[in-house]
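The values are calculated or read from the model by the stated rules, or taken from the named source; none is laboratory data. What you are looking at is a predicted structure, and each value in this text was computed from that prediction instead of being measured. Cβ atoms come from the backbone with ideal geometry, glycine included; neighbour counts cover every protein chain shown.
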Amino acid sequence: MSEHVLTSTGAGLGLITLNRPEKINALTRPMVAAVGAALDAWREDPAVRIVVLRGAGERGFCAGGDIKGFYESIVADRHQDFLDFLAEEFAVDHAIATYPKPVVAFMDGLCMGGGVGLAGHASVRIVTPRSKVGMPETRIGYSPDVGGTHLLGLAPGHLGEYFALTAGTMGAADAIHAGFADFCVAEDALGDVLDALPDLAGLPAEDLAAALEVMHGSPAPADTGTSLLAQPWIDAAFAGRTVADILASLDSLPHRGAADAARAVRSVSPLAAETALQAVRAARAADHLPEAFDRELRLAAFLMDHPDLPEGIRAQVIDKDRNPHWSPADPADVDREAISGVVLGAAADG
């Protein structure tokens with residue numbers, strides 16, 4: 001059991017606490033293994049009727065995966081090591097999605113990348129007014145994974161493409177609207193939610209969520225621009241066939257948000273953006289979480305063989321100069337057919 005994952009049981013609850021607050025509970029392989037072990041141990045345990053996922057500290061549930069470890073594996077040409085970790089992580093995420101007992105996730109504060117993999121597939125997903133939820137992988141030359149393409153594909157309209165290509169962050173209201181969360185409670189009410197759970201043990205997940213929302217829910221604060229206020233232009237622009245088409249559409253729109261979105265898309269890796277675009281659309285068409293995990297693993301192997309991934313991590317996490325040099329630099333030069341082959345299941349190049 002990892003020292004960075006705390007588990008306990010009592011009053012019908014199984015509590016899993018990510019306990020690496022100095023890193024905003026960023027996931028390591030031992031942490032993922034520890035979460036999986038707890039879920040396995042409690043699956044048939046009659047004393048555990050509800051599982052709770054939460055993060056230690058005030059900054060967030062989970063900032064994602066341990067990106068520096070990812071970088072070290074790539075530059076040392078140990079791709080298979082990290083692919084094995086991803087496969088293990090995806091298996092834990094799928095276990096949460098299919099768990100036979102309600103899983104309640106406290107998505108307080110930051111919940112990014114791998115954090116969405118854990119919390120976003122839970123049966124009861126609770127945000128707070130300070131929640132920041134997102135799949136920002138294109139910013140580092142990568143594509144959303146941990147089943148994130150499935151969640152993005154199920155978002156209303158073309159919000160999935162918008163958040164994937166801009167690496168945008170959702171506040172509480174947008175996370176609920178996009179289907180990444182179920183309801184909002186005040187930060188200081190999370191303890192009350194935890195206290196209420198033993199009396200609600202035995203309820204189906206949907207009824208449990210409804211009861212908690214009635215008892216402790218609060219209005220989500222309005223977000224400042226994205227889905228709730230501006231979905232028509234998002235749907236119009238992000239319906240484009242390619243990233244280049246989407247950028248052309250954004251450039252033609254008078255809405256201020258369109259110009260902001262265009263700048264965001266141009267700042268991420270063109271290769272990663274096109275990969276994410278195709279992956280989200282394939283996930284939407286299939287609407288099958290296990291298939292999304294399989295596709296994401298293939299795409300991870302594909303992107304590890306291209307320079308944008310280590311370059312993106314270098315620029316954002318290692319050197320922090322925020323000045324990545326993408327290859328190719330122009331979305332029009334991306335090999336879309338190579339990406340399509342991987343999305344459809346053909347062997348990745350390289």
In the stretch 58-78, which residues are surrounded by fewer than 22 Cβ atoms within 10 Å (Cβ to Cβ), in contact with a Leu (Cβ under 9 Å, 6 or more places away or on another chain) and over 18 Å from Ile140 (Cβ atoms)?
Arg59
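Residue-by-condition table, conditions (1) charged (D, E, K, R); (2) touching a helix residue (DSSP H, G or I) at 6+ places or on another chain (Cβ under 7 Å):
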{"position": "Glu3", "(1), (2)": "yes, no"}
{"position": "Leu15", "(1), (2)": "no, no"}
{"position": "Lys23", "(1), (2)": "yes, no"}
{"position": "Ala26", "(1), (2)": "no, no"}
{"position": "Leu53", "(1), (2)": "no, yes"}
{"position": "Ala63", "(1), (2)": "no, yes"}
{"position": "Val75", "(1), (2)": "no, yes"}
Restricting to the stretch 227-256, give me the number of residues that are at pLDDT 95 or above, acidic (Asp, Glu) and under 23 Å from Ala282 (Cβ atoms).
1
Count - residues of the stretch 1-51 that are in contact with a His (Cβ under 6 Å, 6 or more places away or on another chain) and assigned to a loop (DSSP other than H, G, I, E, B)
2
Across the stretch 136-156, the tally of residues that are over 11 Å from the mean Cα position of the chain (by Cα), over 22 Å from Glu206 (Cβ atoms) and assigned to a loop (DSSP other than H, G, I, E, B) stands at 2
Does any residue in the stretch 317-335 that is within 23 Å of Gly65 (Cβ to Cβ) come within less than 6 Å, Cβ to Cβ, of a residue that is among the β-branched types (Val, Ile, Thr) six or more places away or on a different chain, and which pairs are these?
Val317/Ile67
Every pair of residues 6+ apart whose Cβ atoms lie under 7 Å, when the first sits in the stretch 1-30 and is surrounded by fewer than 16 Cβ atoms within 10 Å (Cβ to Cβ) while the second is assigned to a strand (DSSP E or B):
Ser8/Leu15
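Would you check which residues across the stretch 87-111 are under 16 Å from Ala37 (Cα atoms) and surrounded by 16 or more Cβ atoms within 10 Å (Cβ to Cβ) and list them?
Quick first cut of the stretch 87-111, residues under 16 Å from Ala37 (Cα atoms) only: 87-101, 103.
Those that are under 16 Å from Ala37 (Cα atoms) and surrounded by 16 or more Cβ atoms within 10 Å (Cβ to Cβ): Glu89, Phe90, Val92, Asp93, His94, Ala95, Ile96, Ala97, Tyr99, Lys101, Val103.
Can you go through Ile339, Ile313 and tell me which one is under 20 Å from Gly65 (Cβ atoms), of a type outside the set (Lys, Arg) and crowded, with 22+ Cβ neighbours inside 10 Å?
Working: Ile339 fails: under 20 Å from Gly65 (Cβ atoms).
Sole residue among the options that is under 20 Å from Gly65 (Cβ atoms), of a type outside the set (Lys, Arg) and crowded, with 22+ Cβ neighbours inside 10 Å: Ile313.
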Is the stretch 319-334 home to any residue that is modelled with pLDDT of 95 or more, surrounded by fewer than 15 Cβ atoms within 10 Å (Cβ to Cβ) and outside any loop (DSSP other than H, G, I, E, B)?
yes
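Being crowded, with 16+ Cβ neighbours inside 10 Å and on the phi > 0 side of the Ramachandran plot is the requirement here; does Gly171 meet it?
Numbers: crowded, with 16+ Cβ neighbours inside 10 Å: yes; on the phi > 0 side of the Ramachandran plot: no.
It is false that Gly171 is crowded, with 16+ Cβ neighbours inside 10 Å and on the phi > 0 side of the Ramachandran plot.
Going by the structure shown, is Leu289 in contact with a His (Cβ under 9 Å, 6 or more places away or on another chain), within 18 Å of His150 (Cβ to Cβ), of a type in the set (A, V, I, L, M, F, W, C) and modelled with pLDDT of 95 or more? Give the derivation first.
Working: in contact with a His (Cβ under 9 Å, 6 or more places away or on another chain): yes; within 18 Å of His150 (Cβ to Cβ): yes; of a type in the set (A, V, I, L, M, F, W, C): yes; modelled with pLDDT of 95 or more: yes.
Against the criterion (in contact with a His (Cβ under 9 Å, 6 or more places away or on another chain), within 18 Å of His150 (Cβ to Cβ), of a type in the set (A, V, I, L, M, F, W, C) and modelled with pLDDT of 95 or more), Leu289 qualifies.
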Near pairs, Cβ below 8 angstrom, 6+ apart or cross-chain, from the stretch 203-216 (on the phi < 0 side of the Ramachandran plot) to any residue that is charged (D, E, K, R) and buried (at least 16 other Cβ atoms within 10 Å of the Cβ):
Ala209/Asp182; Glu213/Asp182
Return the residue satisfying two criteria in turn: it lies in the stretch 52-79 and is part of a loop (DSSP other than H, G, I, E, B) and of a type in the set (Asp, Glu), and of such residues it is farthest from the chain's Cα centre (by Cα).
Asp77
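Take residues that are closer than 30 Å to Leu13 by Cα and tell me which of the helices (runs of 4 or more DSSP H) falling wholly in the stretch 157-266 contain 3 or more. First the steps, then the outcome.
Details: elements: 159-166, 172-177, 190-200, 205-216, 227-237, 243-252.
Once the helices (runs of 4 or more DSSP H) in the stretch 157-266 are filtered for at least 3 residues that are closer than 30 Å to Leu13 by Cα, what remains is 172-177, 190-200, 205-216.
How many residues does the stretch 335-348 contain that are in a loop (DSSP other than H, G, I, E, B) and of a type in the set (S, T, N, Q)? Spell out the reasoning first.
In the first step, residues of the stretch 335-348 are kept if they are in a loop (DSSP other than H, G, I, E, B); the result is 335, 345-348.
This time we only want the ones that are of a type in the set (S, T, N, Q), so: none.
Within the stretch 335-348, residues that are in a loop (DSSP other than H, G, I, E, B) and of a type in the set (S, T, N, Q) number 0.
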Of the residues in the stretch 56-107 that are aromatic (Phe, Trp, Tyr) and more than 20 Å from Gly14 (Cβ to Cβ), the one that is modelled with the highest pLDDT is Phe90
